[in-house]
Amino acid sequence: MAGPNPFQNLQKELTVNGECFRYFDISSFEELAELPYSIRVLLESAVRNCDNFQVQEKDVRGILSWKSTKSEKTDVELEIPFKPARVILQDFTGVPAVVDFAAMRDAVLKLGGDPDKINPICPSDLVIDHSVQVDFARTPLALNKNQDLEFERNKERFTFLKWGAKAFNNMLIIPPGSGIVHQVNLEYLARVVFQDDTKSKDGSKILYPDSVVGTDSHTTMINGLGVVGWGVGGIEAEAVMLGQAISMLLPEVIGYKLVGKLNPLVTSTDLVLTITKNLRQIGVVGKFVEFFGPGVSELSIADRATISNMCPEYGATVGYFPIDQNALDYLRQTNRAEDKVQVIEAYFKATNQLRNFSDASQDPVYTQVIELDLGTVVTSVSGPKRPHDRVSVSDMQKDFQECLTNKVGFKGFAIPDAQLKTEGSFSWTDGNTYSLRHGSVVIAAITSCTNTSNPSVMLGAGLLAKKAVALGLKVAPYIKTSLSPYSGVVTYYLKESGVVPALEELGFHVVGYGCMTCIGNSGPLDDNIANTIEKNNLVCCGVLSGNRNFEGRIHPNTRANYLASPLLVIAYALAGTVDIDFEKEPIGTTPEGNNVFLRDIWPTRAEIQEVERQHVIPAMFRDVYAKVELGASSWQSLNAPTGKLYPWDNASTYIKHPPFFETMTRDLPKIGNIVGARALLNLGDSVTTDHISPAGSIARNSPAARYLSERGLTPREYNSYGSRRGNDAVMARGTFANIRLVNKLVSGAGPRTLHIPSGEEMDVFDCAERYAQEGTALIAIVGKDYGSGSSRDWAAKGPYLLGIKAVIAESYERIHRSNLVGMGIVPLQYLEGQNAETVGLTGKELFNIVLPDNLKPHDKITVETDSGLQFQVIVRFDTEVDLEYFRNGGILNYMIRKMIA
C-alpha cells in the first residue's frame, strides 16, 4: 500500500509576485549538476510521487545513479517508474481510447465494480485534429469544402467524442478545425510548469515540470519547448490516464552538441534531415537525445520543435532541448500569461533546470557526445522511400536517376534501361495535353506537423512564391498542390504578411487543419493521371514537407516520395520534376522567355526573419485561441448522448463495443503455451505501422470494403481506416492491408498470405478467420525494426484480433513492442546475429512455444517446430510490469482487475 513520501523534507517555498508556492527542490541532490536535464525531469517526478508503492525510494536512488550506470554505456539496466504530468490524445487514437474507457465501464459494472472509477486521473487533453482527405485542392473554396465533407463523414465520431467530454472527468477536448494536435500542444496546451493545488495540505500550489505522453509518436515535438514528452501506445496512455506509472528502463542520453551558424540559404528542414540521417547511422533507438552547445541559441523554438518532431524518424525516445531564455520568450510571444511565465522562470531557476547554452560549465555528463557544425548543413531532401535517406539537393538528380535502375529496395525501382525514357500523355481540363515521365511531380503538399509549426519555413515558402509569381512562373495545373497550415495562427500570419495571394496563384490553397498528405490522405488523383502512370509503369513523385514517406503511404500512384522544406515543395512543383539540377537548369521561364533559376527566387534567412519579426505576434495567438475550446458552430450544434454509460448502436460502422473484455474474469488466467501455431505472415525488415495498420483509404476490393458494403455503404462512404478506429471489425480487416506489404509466403506485394494446410492464397484477414475456425493459433515472423513509424495501438490490437499470439522479430520499435505487451501478445526476439534465414525458417512450419510459469524479463526460451528445428529466443518482456500486464491478458484487463479488487 502507498505510504508517506520519504522525500517530503525536500519541499520548499517559493514566492513569486506575492504568491506562495511549494516545490520539491531536486537541486538539494549533489548528483544533480552532472545529470542530463531530461533525466532531471524523471528525477523530479520520482521524488514528488514517491510513495514506496508505485514509486519507491530505490527508484529515486537509481535515477540519481545515472552517471555511474549510463554515462559509459554499461550493461546495467535499471527499471524505473515515471508518472507524466499529463496525457495528450489526438482523435485517431483518442476515439479508441474513449471507446475502451466506455467498454471498461461496462466491464467493471458486469464484474460487480463501480464504473465511475473509470475516469482519467492524470489530466488529459484530446485534440480532434481529424485527418482531412484532400478531395478539393486547387480551388479558393478548398478549406470549406474539405471541412464540410469531413464533418459529414465523421459526424458520428465527433458526436461520440462530445459524449466523452461530458461523461469523463479531467478531460479537455479541443474541437475539430482548431489545428493539428502537436501544434496546438506547442502553441496553447503546454503548461511548461504545472501549478497543482490538489496535493497540498495548506492550499498552496505545488510546482512541478510539465511532462507528457501522447498517442502519436510525434508527441516529441514538445521537447523543443523544454517539455519532456514522447509517444506511447493508446493502451499505455489509457493506463497513465488511470493513474498508472509508466515502467521504463533508465535510458542512455546522447549529447548532441551544436556549434556554428546555419548558412543564410539553409532551412530548419535541411537541418532536421541532416540530424535524422546522422542519428540513424549512429543508432539511438530507446535512448534520449539531448541538444546542447552554443549553436542551440541560434535556433528558434520553432526550429527546435522541428528537430524534436522528427525524433521518431531518427529513432530516439526524446530529442530534448532544455528550457532557456528563448523558451521563455516564446511563451510570451504565444500569449501565455506574464504571471505564469514569471512563475515558470522562477521555478526552473530555483531547481537548477534553466539552461544557458553558451555556458559550458552547465554542461552535464552524457553517455556519448556528437557534434554538428551548423555551417556544414546544406539544402536537402529525403527519399524516395524513407525519411532518413537524406540527399543533398545538389545531388538529387543523380541520386534519383540511380534509384530508377537500382534493384528494388529502399533506394531502387529496377526500371529496365529500355524504359528509362518512357513518357505518357494525357488531356487536361484546360484543353491542353501534358506528358509525364519518370520523376514527374504529381503531388506537392505543404503539410505535416514537422514544418507547418515553423514560421521561418512557412513564410519562406510564401516569399519564394511571391518572387516566382512576380516573374510570371506557374505550376502545371495537373499537379495536386495543397497547403495545410495545421494552426489558425499560421493562416493568420501568412495573410498578414501578404504572401497568401502568391501561394494561391501557384495552386497552394489552404485545404484544412488536420493530418493530410503526410498520413496518406492526399485524396484521389485524376483518373487520366493515374491511368497514364499505371499504363506506362512510371515512377512519378510526391514532394511534401512531411515527416513520413514510407512506401504506399502518400499515394498508390507516387512510387517515389520526397520530404522537403515548404520552400522546396514549391520549387519542385514549379519545376514539375525531381529529375533536375537546380544549379544548372532553370526552374522555369518568364513570359518573355528568360530563364529563371531557383537561386533567383530563393529568400535569405534574414529576409524571412524580418517578416517573421513583423507579423508573428502575441495578438495572433490570443485571437485564435481565445475561443478554441468552444469550437465552430457545427461542433456546437452536435447533439451528443448523456449518461455515464455509452448507448452503443449495433448498426454503427464507426463506434463499436470492442470485444477485448467479453470473456474476462475476475481471476487471473493461467499462462498458456502456444502449441501447433502457424505463421500468418513471414515479413522482412522495416515493417512499419503503416504496413501493419494503414491509416489511409479503404481499397474497394478489401475485406474491410466488403464488410462496409454488406452494411449498405457505398465506396464514397468508406472513409479511411484512420477515421474508423472506433470499429474493431473494420480495423481487424484492415490489419496488414497495405498494398506494399511484402510477405515471403506469397509472391508479389499486397495484403495476401498463404493458408498453409491447403496451399490456398487469400487476403490476410480471410486467412486468419479460417485459421480461427480451425482452432489454430497464429504467430508472425518479422525482421528488424518491426513496428517503426507512428505509435498506433491498432498495430497491436489488429494482430490480436487476427489471433496472433506471438511475434518473432530481429528487433522492435520501442512503442510497438510496448503495445504488443499491452495487448497480451508475446514479443520474442532472435539471439544476436540470428534471423529467420540463419535459423532456417521457411514460415511454413508448425510452432510450439512453451512459456514457463516462473517467466522473468529477458528470459531465453526455446521455439520448436514440426521439422525438428529448435532455436532460442529472448522474451522481450523488459520489466516485471510487462509481465504483470501479460499475465492479465493485457494492460486494460490489469486496470479493470485493479479497479474491482
Could you tell me the relative contact order of the chain? Use alpha-carbon pairs under 8 Å, at least six residues apart, and round to a whole percent. 13 percent
Which one, S747, P322, Q636, projects farthest toward the positive side of the charge dipole computed for the chain from Cβ point charges (K/R +1, D/E -1)? Q636
quick note, region 86-376, DSSP beta bridge pairs, % antiparallel (nearest 5) is 10 percent
Can you find, among G889, L708, V457, the residue sitting farthest towards the positive end of the charge dipole of the chain, where Lys and Arg contribute +1 and Asp and Glu -1 at Cβ? L708
Which residues in region 363-380 place their backbone N less than 20 Å from a point set 7 Å from the Cα of A33 along the Cα-to-Cβ direction? 363-367
Packing-ranked peptide list from 107-114, 212-219, highest mean Cβ count within 10 angstrom first, is 212-219, 107-114
³J(HN,Hα), Karplus 6.51/-1.76/1.60, whole Hz, each residue of region 827-836, x for Gly, Pro: x, 10, 9, 4, 5, 3, x, 9, 7, 4
Charge dipole (debye, nearest 20) of region 86-376; +1 at Cβ of Lys and Arg, -1 at Cβ of Asp and Glu: 260 debye
Rounded, prolate or oblate (a/c below 1.5 giving rounded, otherwise prolate when a/b exceeds b/c) for region 531-639 by Cα gyration tensor: oblate
Given only helices, namely DSSP H runs of n ≥ 4 each adding -39500 (n - 2.57), what is the per-residue ellipticity at 222 nm of the chain, to the nearest 500 deg cm²/dmol? -9000 deg cm²/dmol
Of all DSSP beta bridges having both residues in region 370-512, the percent classed as antiparallel (nearest 5) is 65 percent
Amide H of F292: which non-local residues (sequence gap of 5 or more, or other chain) have their own amide H closer than 5 Å, using H built in the peptide plane? Y256, K257, L258
Can you compute the charge dipole magnitude of region 75-122 about its Cα centre, using +1 on each Lys and Arg Cβ and -1 on each Asp and Glu Cβ, nothing else charged? Give it in debye, rounded to the nearest 20. 280 debye
Checked region 348-448 against the a/c 1.5 cut and the a/b vs b/c comparison, axes a ≥ b ≥ c from its Cα gyration tensor; verdict prolate
Using alpha-carbon pairs under 8 Å, 6+ residues apart, how would you state the relative contact order of region 86-376 in percent? 19 percent
Ranked highest first by the average count of other Cβ atoms within 10 Å around their residues, in what order do 579-591, 802-814 fall? 802-814, 579-591
Taking the highest mean first, how do the peptides 854-867, 501-514, 647-660 order by number of other beta carbon atoms within 10 angstrom per residue? 501-514, 647-660, 854-867
What list of ³J(HN,Hα) values in whole Hz, one per residue of region 582-594 in order, does the Karplus curve 6.51 cos²θ - 1.76 cosθ + 1.60 (θ = phi - 60°) give from phi, with Gly and Pro shown as x? 4, 6, 9, 10, x, 7, x, 10, 6, x, 7, x, 7
What size of dipole, in debye to the nearest 20, comes out for the chain about its Cα centre when the only charges are +1 on Lys and Arg C-beta atoms and -1 on Asp and Glu C-beta atoms? 1080 debye
Can you give the extra length, in nm with one decimal, that the chain gains between K670 and D114 once fully stretched, where that is 0.36 nm per residue apart less the Cα-Cα distance? 197.6 nm
Taking a ≥ b ≥ c as the square roots of the eigenvalues of the Cα gyration tensor, with a/c under 1.5 meaning rounded and otherwise prolate when a/b exceeds b/c and oblate if not, the chain is rounded
So who's got an amide H within less than 5 Å of the one on I88, skipping anything under 5 residues away but keeping other chains? H placed 1.01 Å off N, in plane. D125, V213, G214, T215
Of the options N169, G113, F194, report the single residue whose Cα projects farthest towards the positive end of the charge dipole of region 86-376 (beta-carbon charges: Lys, Arg +1; Asp, Glu -1). G113
FRET efficiency, 1/(1 + (r/R0)^6) with R0 60 Å, evaluated for K12 and Q419 via beta carbons: 0.25
Under 5 Å from the placed amide H of G512, counting only residues 5+ away or on other chains, we find none
Run through the DSSP bridge list for the chain and note the antiparallel percent, rounded to the nearest 5. 45 percent
Give me the 1.4 Å probe accessible area per residue for region 390-525, excluding ligands and nucleic acids, in Å². 34 Å²
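The values are calculated or read from the model by the stated rules, or taken from the named source; none is laboratory data. No experiment lies behind these values; they were computed from the predicted model shown. Reconstructed Cβ throughout: ideal geometry from the backbone, glycine too, with neighbour counts over all protein chains shown. With ligands, DNA and RNA removed, areas are computed over all heavy atoms of the protein, side chains included. Shrake-Rupley method; radii C 1.70, N 1.55, O 1.52, S 1.80 Å.
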